[in-house]
There are 2 protein chains.
Amino acid sequence: MKANVTKKTLSEGLGLLERVIPSRSSNPLLTALKVEASEAGLTLSGTNLEIDLSCFVPAEVRNPQNFVVPAHLFAQIVRNLGGELVELEITGNELAVRSGGSDFKLQTGDLGAYPPLSFPTHADVSLNAEELARSFSSVRYAASNEAFQAVFRGIKLEHRPEGARVVASDGYRVAIRDFPADGNGRNLIIPARSVDELIRVLKDGEARFTYGDGLLSVTTDRVRMNLKLLDGDFPDYERVIPKDIKLQVTLPATALKDAVNRVAVLADKNANNRVEFLVSEGKLRLAAEGDYGRAQDTLDVTQGGIEPAMSLAFNARHVLDALGPIEGEAELLFSGSTSPAIFRASGGGGYMAVMVTLRV
Amino acid sequence: MKANVTKKTLSEGLGLLERVIPSRSSNPLLTALKVEASEAGLTLSGTNLEIDLSCFVPAEVRNPQNFVVPAHLFAQIVRNLGGELVELEITGNELAVRSGGSDFKLQTGDLGAYPPLSFPTHADVSLNAEELARSFSSVRYAASNEAFQAVFRGIKLEHRPEGARVVASDGYRVAIRDFPADGNGRNLIIPARSVDELIRVLKDGEARFTYGDGLLSVTTDRVRMNLKLLDGDFPDYERVIPKDIKLQVTLPATALKDAVNRVAVLADKNANNRVEFLVSEGKLRLAAEGDYGRAQDTLDVTQGGIEPAMSLAFNARHVLDALGPIEGEAELLFSGSTSPAIFRASGGGGYMAVMVTLRV
């Protein structure tokens, strides 16, 4: 086999695969990249057993031949090449990689031993890739990293009459984003780490979903992916969303982020980074206190609702996370000092963070 | 005391101190910043017992008073403030830090218990700060990080008839930079870690040296520093510099860096990242070999000297380090396959790297 391919396209493809294929593994086969060549180009694929990923790279190929090579070494070599064009050639059990004055010989692996990866050819439902990526990105922070938290380590994707919704929670907060979607897809829970890779490969165009047994396959114009799903029931998070809003404030999200960042410096790390919010007379006063002193910051807000004043406390880290996806004006909806609060963009956009308050 | 100071100048001063003052220490006093106020401004100082650092910040001060505060918290608070102007006020044992809508109260520490720091007022010799910083930066990489290597963990500063010289070595390579200097200073060895801080504070203008007992004090327009010196004899590195050059090549430094980076991907990590250099007929061929394959790269060079060809081997990591400070054309001077080589900028500039070759 002899193939000519541009360094840029090959590097981009390898870059995606590199994130999925482990650089070390007790099963060395998993560290390999599988290359399937056709007259039209090269299909690169790899797996970490949670995610299978495959990506097509257009190339000029003569005498197509399949092979496996160490993924990370191959990617590193290609990335460092000086020329714009790369020539690949298989001779015996060696892959030659040539460009400019460079000539690399990389030993190929055992093609027969590589685990078979198969990707579906039909689609069950189709979503807008950009919307899906943005929605996943907005709620990702709220998913749990704790091994014992089972389904909380995943992000739920719901199909609802009015569109689709992604939801993440760690039991203390819930992040939700609604986005437009057609079709009647299944509800499922995708591991947050797989969502990270999904976000990375979803750019524009369509994300076509195919449902398998405990498996979701996602196909875009560039890549094909199989994702193992999480089993189990996602808790009834809607119960936590406060309905009865007693006080609400609007202010620029950046001003609030900056102020929380400031007062959090003195917040007590051993008491949930507690920051107090005191609203009254068109002002939001933030206060924190720790071993080294006290901090206070006062912001002008637009205030509404039936209660004239309210005092609540939050984990500063959670407040900053919740504000992350909000640009422009933020709207904080309070239902009481000891009940959950809602943070969302005042201009809409489908994103909402629900947070428990800390005890007063 | 009440002081008004711009956030920018105060932040810059605190930024320098933050690098020296430890954020944790078995002696909590050392994590504090000492502030000495006068009508003209605030002198911030701190120490890690290896380096004492002091820096003046112009400010409008009423009822000047000295105090100590937790250095890193104070720096973080100031950095996060929203306004351009900062008001500081001491009331009892609290420092108030105010700006815009922010009001912080930071507990001050025990001023009497803080170790006395003294800086000299006269100068023994004066060097160009920029030249000194650039020279230290060029050779820093060659200093050893191994605890057992005593003086190799320092950088030697020599005063020579024709100027000054800095030298660093770890026993396998020597990095040297000569630079213009007047005056008859002492030869001394500064710990590499203290050199890092020195590089950071030296900008332009003069660096005035004052010699103490096992101590060097450096004063610039912005800062004053005391540095503990390393005791011991720096080995006779000049013995290693090859005099009898048999073959020499010139090529763009960047092309060589890129090519070494490329072939090093396949070099054997357990064999000193060995890369072979083969020079003949106006070509430099680089080759490396490891468990996964072989790499080869050919570069055009301008070749000179009495030998028509030579083959040598180097540690790729060391080659890249040695080329680091070289811009434009690099000149490689070879005295034989098994004797040290010199890498330097072909346009001069006073920098030179001397490297041992690996066994063939």
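The values are calculated or read from the model by the stated rules, or taken from the named source; none is laboratory data. Given the structure is predicted, the values throughout are model-derived calculations rather than measurements. We place every Cβ from the backbone using ideal geometry, glycine too, and count neighbours over all the protein chains shown. Only protein heavy atoms, including side chains, enter the accessible area calculation; ligands, DNA and RNA are left aside. Shrake-Rupley method; radii C 1.70, N 1.55, O 1.52, S 1.80 Å.
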Any chance region B:13-29 includes a residue that's outside any loop (DSSP other than H, G, I, E, B), away from chain A (no Cβ under 14 Å) and within 15 Å of B:Tyr114 (Cα to Cα)?
yes
Any idea which of (1) within 14 Å of chain B (Cβ to nearest Cβ); (2) open to solvent by 20 Å² or more (accessible area, probe 1.4 Å); (3) not polar (S, T, N, Q) is the one A:Leu33 doesn't satisfy?
(2)
Test A:Glu146 against the stated conditions and say whether it is open to solvent by 60 Å² or more (accessible area, probe 1.4 Å), modelled with pLDDT under 95, charged (D, E, K, R) and not assigned by the TED database to the domain that holds A:Leu320.
yes
Within region B:202-211, can one find any residue that is outside any loop (DSSP other than H, G, I, E, B), closer than 30 Å to B:Leu332 by Cα and not basic (Lys, Arg)?
no
Taking A:Thr91 as the residue in question, decide whether it is at pLDDT below 95, surrounded by fewer than 16 Cβ atoms within 10 Å (Cβ to Cβ) and not charged (D, E, K, R).
no
In region A:309-341, what residues are open to solvent by less than 10 Å² (accessible area, probe 1.4 Å), over 22 Å from the mean Cα position of the chain (by Cα) and closer than 21 Å to A:Arg140 by Cβ?
A:Phe314, A:Ala316, A:Ala330, A:Ala341
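Among the residues of region B:47-68, is there at least one that is within 14 Å of chain A (Cβ to nearest Cβ) and either outside any strand (DSSP E or B) or touching a Phe, Trp or Tyr at 6+ places or on another chain (Cβ under 9 Å) (or both)?
Start the filter on region B:47-68 by keeping residues that are within 14 Å of chain A (Cβ to nearest Cβ), which leaves B:67-68.
Keeping just the survivors that are either outside any strand (DSSP E or B) or touching a Phe, Trp or Tyr at 6+ places or on another chain (Cβ under 9 Å) (or both) gives B:68.
Looking through region B:47-68, at least one residue is within 14 Å of chain A (Cβ to nearest Cβ) and either outside any strand (DSSP E or B) or touching a Phe, Trp or Tyr at 6+ places or on another chain (Cβ under 9 Å) (or both).
Can you list the strands (runs of 3 or more DSSP E) lying wholly within region A:153-198 that have 2 or more residues being at pLDDT 95 or above, open to solvent by less than 20 Å² (accessible area, probe 1.4 Å) and of a type in the set (Val, Ile, Thr)? Reasoning before the result, please.
Working: elements: A:154-160, A:163-169, A:173-179, A:188-191.
Passing ranges, in order: A:163-169, A:173-179, A:188-191.
Please verify whether region A:319-338 includes one or more residues that are part of a strand (DSSP E or B) and under 16 Å from A:Gly171 (Cα atoms).
At the first step, the residues of region A:319-338 found to be part of a strand (DSSP E or B) are A:329-334.
Imposing the further condition that a residue be under 16 Å from A:Gly171 (Cα atoms) reduces the set to none.
No, the conditions are met nowhere in region A:319-338.
Filter region A:290-308 for residues that are hydrophobic (A, V, I, L, M, F, W, C) and under 23 Å from B:Val78 (Cα atoms); which is most open to solvent (accessible area, probe 1.4 Å)? Full working, then the answer.
Here is the first cut: in region A:290-308, the residues hydrophobic (A, V, I, L, M, F, W, C) are A:295, A:299, A:301, A:306.
Then keep just the ones that are under 23 Å from B:Val78 (Cα atoms); that gives A:295, A:299.
Working: A:Ala295: 4, A:Leu299: 23 Å².
The selected residue is A:Leu299.
Looking at region B:257-268, is at least one residue over 29 Å from B:Val167 (Cβ atoms) and open to solvent by 40 Å² or more (accessible area, probe 1.4 Å)? Steps first, please.
Our first condition is that a residue be over 29 Å from B:Val167 (Cβ atoms); within region B:257-268, this holds for B:262-263, B:265-266, B:268.
Subset that is open to solvent by 40 Å² or more (accessible area, probe 1.4 Å): B:268.
Looking through region B:257-268, at least one residue is over 29 Å from B:Val167 (Cβ atoms) and open to solvent by 40 Å² or more (accessible area, probe 1.4 Å).
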Give me the residue from region B:69-95 that is small (Gly, Ala, Ser) and touching a Leu at 6+ places or on another chain (Cβ under 7 Å) and, out of that set, farthest from the other protein chains (Cβ to nearest Cβ).
B:Ala71
Enumeration of residues in region A:269-289 that are open to solvent by 20 Å² or more (accessible area, probe 1.4 Å), small (Gly, Ala, Ser) and within 27 Å of B:Thr91 (Cα to Cα)
A:Ala287
Filtering region A:278-312 down to residues that are within 14 Å of another protein chain (Cβ to nearest Cβ), over 19 Å from B:Leu106 (Cα atoms) and not in a loop (DSSP other than H, G, I, E, B) yields A:Leu278, A:Lys283, A:Leu284, A:Leu299, A:Asp300
If we keep only residues of region A:82-130 that are without any contact (Cβ under 8 Å) to a residue 12 or more places away in the chain and not in a loop (DSSP other than H, G, I, E, B), then the residue nearest to A:Val195 (Cα to Cα) is A:Gly112
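Kindly indicate the residue of region B:232-264 that is in contact (Cβ under 8 Å) with a residue 24 or more places away in the chain and of a type in the set (Asp, Glu) and also farthest from the other protein chains (Cβ to nearest Cβ) among those meeting that condition. Talk me through it step by step, then tell me what you get.
Looking only at region B:232-264, we keep the residues that are in contact (Cβ under 8 Å) with a residue 24 or more places away in the chain, and these are B:232-235, B:237, B:240-253, B:255-257, B:259-264.
The next check asks that each one be of a type in the set (Asp, Glu); those that pass are B:233, B:244.
Numbers: B:Asp233: 42, B:Asp244: 30 Å.
The residue in question is B:Asp233.
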Just to be sure, is B:Gly41 open to solvent by less than 40 Å² (accessible area, probe 1.4 Å) and without any contact (Cβ under 8 Å) to a residue 40 or more places away in the chain?
yes
Looking at (1) farther than 24 Å from A:Ala264 by Cα; (2) open to solvent by 10 Å² or more (accessible area, probe 1.4 Å), can you tell me which one B:Leu53 breaks?
(2)
Being within 28 Å of the chain's Cα centre (by Cα) and buried (at least 18 other Cβ atoms within 10 Å of the Cβ) narrows it down to one residue among A:Pro116, A:Pro70, A:Pro58; which is it?
A:Pro70
Taking only region B:262-277 into account, find how many residues are in a loop (DSSP other than H, G, I, E, B) and of a type outside the set (A, V, I, L, M).
3
Output the residues belonging to region B:199-240 that are touching a Ser or Thr at 6+ places or on another chain (Cβ under 6 Å) and open to solvent by 80 Å² or more (accessible area, probe 1.4 Å).
B:Glu206, B:Arg224
